[in-house]
Each structure stands twice: as C-alpha cells, then as structure tokens.
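A short write-up of the structure that comes next.
The values are calculated or read from the model by the stated rules, or taken from the named source; none is laboratory data. In this text, all values refer to a predicted model and were calculated from it rather than measured experimentally. All Cβ positions, glycine included, derive from the backbone under ideal geometry; neighbour counts span all protein chains shown.
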Amino acid sequence: MRNIWTICRRELYSYFVSPIAWVLLAIFAFLSGVFTYIISASFARASLESQMSGQSMPMNLNEQVIAAHSRRKCLGRPLKASILA
C-alpha cells in the first residue's frame, strides 16, 4: 500500500509541475464558469418572463426537478438519463 501512495504522489506532483496542466486547469475553470453563468442567466430570464406574464409565483428549479421526478416515480415510468427530457 505504501508503494501505491508513493507512485500516486509522484504522478500528481509531475502533473502540477508542468505549465500545461495549469493552463488546462485554467481553461476548464473558465469554461465551467461561463457555462454556469449562461445556464443561470437563462433561468433567471425565464423566471422574470414568467413573472411578467402574470404568474404569481416565481419559477423554482428545485421544485420543478423534484415534481418531475416524483411524478415519473409515482406513474411507474423509468427515469430518463436527462433531467430536461
């Protein structure tokens, strides 16, 4: 077991010493932030549009996901791989 930890430590050290790993990490963090912003901004826009169209309650993503999951579970349908499907 000690040999595994030694190899793991050496491999991780070699990954984070190279500048390519830091560049890839920065690109991944940037793209994750951009996609999170895009998704949350589109949900906020849809929520505001639903409020402006006369719905009294704002949209709540948690309630929509839980309600869809509960409805499918109660009807005996198998859940699909995608939440939005």
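For (1) part of a helix (DSSP H, G or I); (2) out of contact with any Cys (no Cβ under 6 Å at 6 or more places or on another chain); (3) among the polar types (S, T, N, Q); (4) modelled with pLDDT of 65 or more, each residue gets a yes or a no:
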{"site": "V23", "(1), (2), (3), (4)": "yes, yes, no, yes"}
{"site": "F30", "(1), (2), (3), (4)": "yes, yes, no, yes"}
{"site": "S40", "(1), (2), (3), (4)": "yes, yes, yes, yes"}
{"site": "R45", "(1), (2), (3), (4)": "yes, yes, no, yes"}
{"site": "L48", "(1), (2), (3), (4)": "yes, yes, no, yes"}
{"site": "Q64", "(1), (2), (3), (4)": "yes, yes, yes, no"}
{"site": "P78", "(1), (2), (3), (4)": "no, yes, no, no"}
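Residue pairs whose Cβ atoms lie under 6 Å apart, separated by 6 or more positions or on different chains, with the first residue in region 43-64 and acidic (D, E) and the second at pLDDT 75 or above, do not occur. Number of residues in region 7-20 that are in a helix (DSSP H, G or I), surrounded by 10 or more Cβ atoms within 10 Å (Cβ to Cβ) and hydroxyl-bearing (S, T, Y): the value is 2.
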